[in-house]
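Undergrad: My questions will all concern the structure given below.
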Amino acid sequence: MSWIFSFIHGKVQVMPVWKEVFALIVMVVVGSAAAFSQDAAVRGVVIDEVTGAPMPFVSVVIQGGTMGVSTDLDGNFELGGIRPGLVNLAFSSIGYQPATRLEVEVTPSRPAFLTVEMSPLAVAIEAAEVEATVGKGEEEAPVSLRRIGTNEIKRNPGGGRDISKAIRSLPGVAAIPSFRNDVVIRGGAPNENRFYIDGIEIPNINHFATQGASGGPVGMINVDLVEEVEFYSGAFPATRGNALSSVMEFGFKTARTDEWTSNAVVGTSDLGLTFEGPTGPNSSLILSARRSYLQFLFEVLGLPFLPIYNDFQFKWVHQASPNERLTVLGIGAYDDFQLNLTVADDTTAEDYLDRVAILDALQVNKQWNYALGVKYDRFTENGRWTWVASRNMLSNRAYKHEDNDVNLPLTLDYLSQEMENKLRLERRIYGDGGAKLTWGAQYEFARFNNSTYAQRYVFLQDTLLTFDFESAFDMHEYGAFVQASKSMADGRVVLSGGVRVDGNEVNKNMVNPFRQLSPRMALRWNVRPGLSFNANVGRYYQLPSMLILGYAESGVRTNALDADYIRCDQLVAGLRYDIGERNTTIGVEGFLKGYDGTPVSRTSGIALANLGADFGVVGNESVRFDGQGRSYGMEVLAQRRLYKGVYGLLAYTWVRSEYEFDGTYAPSAWDSRHIVSLTGGAKLKRDWEIGARWLYSGGLPFTPYDIDVSMDQAYWNSQGTPQLDYASLNSGRNAAFSQLDLRIDKKWFFENWSLDVFMDIQNLFGQVPDAPPALDVVRDPTTGVPVADPLDPSRYQPRYIQANAGSAIPAIGLIVEL
């Protein structure tokens, strides 16, 4: 179905580029006459990461300057007289590791508000100069950990303030040229990632999510709530399980406690409102809601479908005492994917037959999901206790009528719901000499139901079958973990090790948690100040999706009978050089991943890891658990975060991704080989900012169509889309693709509010992603109805839809802060 979005790529233009530029110039001229500059301020509180206690007498200065203040006895600070815009802050205190907060946005209308945690030094002060800079969490995961700040996400060229798109600038992340946010890391499948907000797991971060994977066309998390993202592309600590490719830790802002503020955003695809402020003497709340307006644009452009999405999210924090903190957060979405049947009324349209073809292929989809969590932190003199309770649920409904006529029978009728209740206990202990120990346990109760009616072609049997079943089951999951790290040789060496066990009672293969013993070890060797060698080796397990475990035939959940955890052994090693005073990092890493026990479709014979970059579901079929796979490669990173008004990031990845097929290893759907991302920008005078990103991706493999099966009338009338020839799995390869994205921002600061107007242009030079022509059938030009082959009335004739010419996709948006 991805060919549909090649068709759309040439259609989605908000307005011609010159009109966008003209509109922006008009707003600049008008706005500049009224804007004026004032001083701004930043305030906040600094606390001890170990005890949670406020820290007095901490030095707070603007990076590279002399302007600064010290925190008071309660750890509070306020630094005024700052020019509006972005500022980097440095925090220092005797006996603690220095901390920085980069790109803090300050405006005259309201002081910025920060909550900063500082960690005790791991070595004595006289030996501290030999220790390289160690960021939070890097003792446990010294490799494959990157951090992204909120402003880096907001200004990402071509990203539309979408977190899932922003991480494509990082090494190891595939750049798939499509209208989707599939998270593909180091050649792994999109379902191998896990997501957390402030330590509370959420199942998905995208609207219109592909059930059984992680992708979707639009990100669900509002960047206005995000403070920082920790992105692990490997070497996950033992505290995070059920992941094979990546773990993303989103840190939501702790809302300000001094006053209520708000902002409104007209983004590239939605409207959003965010509010934050105090809810009592010791508590605060930040919340937001967004609604898309794409459906109106798509209707005007005459596109065959209308995507409507809504989301909400919030975080409430109550600090009962310096050593007690209660956090409650939630996120949810309601998505409605409707067909725009009116586009088939205009039979004179140049692309009339293509519109009808898309309508024949698309299904109606209604989806909602939510996650709610409560976290209680109890600080002690040597660490903290953390209790987490959460619940998440997904409901996914899809259906399709013959000829899209509600009066005709259904060819697809699908409803599935997933629910999980989770409990987790963590105990973190900080010892002498930089020792750190974390242990804990977790329990999950899951409930799943599935009602499926669908007609499918079974490739290995060369036949079209009807699948009609209902399934439901409950599942109890349990696990435990321990992770320890220790600084040695005056901070020159940091060793880390961990182990976790996971199990469930679905079948005898998985009931014993020690059968899924998952050890890992990591090393950081500080060769000299700023230069370190880092390595990690580990074994990781992931449970097959509930969709796979819930598939049933004749009332029996056949997949669950012999299901097993998927295993992935990983080795990562590399060098890293940090220039802390210039916010610069240079690094190179190599990785090797080996998969065992991946699910393989019994109907097509391919590993499900090849799927997930399309709409629908992945895993609602009979599978076996004997697939083998591997990926390997290297990454190069050169990054300069904002320093003296300039920032840049160069990421290069060479990756090979393969899965066993028909007795040999074949390229997987994610075998892009070469990926280059070059992002850079500068803050200019008069509060202008310009940024650009050039993206290059090697061509992805593709599987050719099975013309013989696809043109069979019984098949086409049932499916409406072509069948792939899995006997030639990924035997073709598209040409490489590149695109240049551009973003321009202009900000105005007023006495009681501020305004940011931005223009974002994706694919500035109109590059066309290479793809084979889409296969359709010959249709009657006046009705769009498929026409039988005159030589064989039981078959149709092939018709090919060429990819549209590439086009730049401009968008303009504005942000108002009160």
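Undergrad: Find the Rg to Rh ratio for the chain, where Rh is the Kirkwood radius over alpha-carbon pairs and Rg uses the same atoms.
TA: Computed over Cα atoms, the ratio is 0.96.
Undergrad: Moving to a separate point now. Can you find, among VAL116, TYR399, THR653, the residue farthest towards the positive end of the dipole of the chain? Put +1 on the C-beta of Lys and Arg, -1 on that of Asp and Glu.
TA: In the chain, that residue is VAL116.
Undergrad: Let a ≥ b ≥ c be the square roots of the eigenvalues of the Cα gyration tensor of the range 429-529; is it rounded (a/c under 1.5), or, if not, prolate (a/b larger than b/c) or oblate?
TA: Cα axes put the range 429-529 in the prolate bin.
Undergrad: Still on this structure: Between the helical axis of 352-361 and the dominant principal axis of the chain, each derived from Cα atoms, what acute angle in degrees is found, rounded to the nearest 10?
TA: The angle comes out near 80 degrees.
Undergrad: Do the sum for the chain: with -39,500 (n - 2.57) for every DSSP H run of n ≥ 4, divided by all residues, what is the mean residue ellipticity at 222 nm, to the nearest 500 deg cm²/dmol?
TA: Estimated from H runs of four or more residues: -2000 deg cm²/dmol.
Undergrad: Too long at a 21 Å Cα-Cα cut-off: which of LYS644/LYS685; LYS165/LYS747; LYS315/LYS683; LYS422/LYS593?
TA: LYS165/LYS747; LYS315/LYS683; LYS422/LYS593
Undergrad: Counting Lys and Arg as +1 and Asp and Glu as -1, what is the net charge of the other residues whose Cβ lies under 13 Å from the Cβ of ASP626?
TA: Around ASP626, the charge tally is -1.
Undergrad: Can I ask one more? Using a simple spin-label model with points 7 Å from Cα along the Cα→Cβ vector, what separation in nm is obtained for MET634 and LEU495?
TA: Roughly 2.9 nm, to one decimal.
Undergrad: Which one, PHE448, THR66, GLY594, is farthest towards the positive end of the dipole of the chain when Lys and Arg carry +1 and Asp and Glu -1 on their Cβ?
TA: THR66
Undergrad: What whole-number distance in Å separates the alpha-carbon centres of the range 162-198 and the range 436-497?
TA: Each part reduced to its Cα centre gives a spacing of 18 Å.
Undergrad: Let me ask something additional. Return one whole number: the accessible area per residue of the chain in Å², for a 1.4 Å probe.
TA: Normalised by residue count, the accessible surface of the chain is 38 Å².
Undergrad: Restricting to Cα pairs below 8 Å that are 6+ residues apart, what does the relative contact order work out to for the range 264-305? Please round to a whole percent.
TA: Over the range 264-305, the number comes to 32 percent.
Undergrad: Using the Cα centre as the reference, give the magnitude of the dipole from point charges on the C-beta atoms of the range 447-497 (Lys, Arg: +1; Asp, Glu: -1; all else neutral), rounded to the nearest 20 debye.
TA: With only Lys, Arg, Asp and Glu charged at Cβ, the dipole is about 360 debye.
Undergrad: Hey, another quick one. Give the peptides 157-170, 366-379 in descending order of average Cβ contacts within 10 Å, highest first.
TA: Result, highest mean Cβ count within 10 Å first: 157-170, 366-379.
Undergrad: Report in % the part of the accessible area of the chain that belongs to carbon and sulfur, leaving out ligands and nucleic acids; probe 1.4 Å.
TA: Carbon and sulfur together cover 58 percent of it.
Undergrad: Take the alpha-carbon centre of the range 50-94, take the same for the range 770-790, and report the distance between them in whole Å.
TA: Using only Cα atoms, the two centres lie 66 Å from each other.
Undergrad: Okay, moving on. Show me the ranking of peptides 684-695, 447-458, 651-662 by mean Cβ neighbours inside 10 Å, starting with the highest.
TA: Highest mean packing first, the order is 651-662, 447-458, 684-695.
Undergrad: Please get the size of the charge dipole for the range 201-302, origin at its Cα centre, with Cβ charges of +1 on Lys and Arg and -1 on Asp and Glu, quoted in debye to the nearest 20.
TA: 220
Undergrad: Stretched out fully, how many nm does the piece from PHE473 to ARG391 gain, at 0.36 nm a residue minus the Cα gap?
TA: Net length gain for the segment: 27.8 nm.
Undergrad: A follow-up question, please. Only four residue types carry charge here, +1 at the Cβ of Lys and Arg and -1 at the Cβ of Asp and Glu. Report the dipole size of the chain about the Cα centre in Debye, rounded to the nearest 20.
TA: 2020
Undergrad: Give the peptides 559-567, 788-796 in descending order of average Cβ contacts within 10 Å, highest first.
TA: 559-567, 788-796
Undergrad: What does the convex hull of the alpha-carbon atoms of the range 145-209 project to on average, in nm²?
TA: Hull-based average projected area comes out at 4.9 nm².
Undergrad: Give the Kirkwood hydrodynamic radius (Å, one decimal) of the range 557-619, defined as one over the mean of 1/r across all pairs of different Cα atoms.
TA: The answer is 15.7 Å.
Undergrad: Rounded, prolate or oblate: which fits the range 194-337, taking a ≥ b ≥ c as square roots of the Cα gyration tensor eigenvalues, rounded meaning a/c under 1.5, else prolate when a/b beats b/c?
TA: Judged from the Cα gyration tensor, the range 194-337 comes out oblate (a/c at least 1.5, b/c at or above a/b).
Undergrad: Taking only C-alpha pairs under 8 Å that are 6+ residues apart, what is the relative contact order of the range 343-484 in percent?
TA: Over the range 343-484, the number comes to 18 percent.
The values are calculated or read from the model by the stated rules, or taken from the named source; none is laboratory data. Given the structure is predicted, the values throughout are model-derived calculations rather than measurements. So basically every Cβ, Gly included, is an ideal-geometry build from the backbone, and we count neighbours across all protein chains shown. Keep in mind that these areas ignore ligands, DNA and RNA; they rest on the heavy atoms of the full protein, side chains included. Shrake-Rupley method; radii C 1.70, N 1.55, O 1.52, S 1.80 Å.
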